[in-house]
1. Can you say whether residue 3 is of a type outside the set (Gly, Ala, Ser), more than 13 Å from the chain's Cα centre (by Cα) and surrounded by fewer than 16 Cβ atoms within 10 Å (Cβ to Cβ), as far as the supplied structure shows?
2. Can you pull out the residues in the range 31-81 that are farther than 15 Å from residue 3 by Cα and acidic (Asp, Glu)?
3. Filter the range 6-20 for residues that are basic (Lys, Arg) and closer than 15 Å to residue 73 by Cβ and give the result.
4. Please specify each residue of the range 7-47 satisfying the condition of being touching a residue at least 24 places away in the same chain (Cβ under 8 Å) and among the aliphatic types (A, V, I, L, M).
Amino acid sequence: MRFVFTKHARGKFVKFAKNGIIVYEKDVLKTIGNPEHLDKESDFPKMIASRPRDNKHILRVVFKIEDDIIIIITFYPARKGRYYEA
């Protein structure tokens, strides 16, 4: 599989860094590759993968799969427990 970040997703790295939130590309890819929670229904055909970031936060990644390409649409940190119970 090949990973492609949309222009919007690429901009998120800079936007979060300006606010003191550092997210690396490897964090996004790890979330997709090994999610704690995967929502395939609420925004179909897009999927939302979630993985713990620290004790209080998770990283959520919105993506879709087209052919053999995973297109990363956006990502964002969120408080644990806001979207699902672990």
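1. Considered against the rule, which asks whether it is of a type outside the set (Gly, Ala, Ser), more than 13 Å from the chain's Cα centre (by Cα) and surrounded by fewer than 16 Cβ atoms within 10 Å (Cβ to Cβ), residue 3 comes out as no.
2. 36, 39, 41, 43, 54, listed by residue number.
3. Answer for the range 6-20, where residues must be basic (Lys, Arg) and closer than 15 Å to residue 73 by Cβ: 7, 10, 12, 15.
4. 9, 21, 23, 28, 29, 32
Computed from the coordinates by the stated procedures, all read-outs in this text should not be read as laboratory data. Since the structure is predicted, the reported quantities are computational estimates derived from the model, not experimental observations. So basically every Cβ, Gly included, is an ideal-geometry build from the backbone, and we count neighbours across all protein chains shown.
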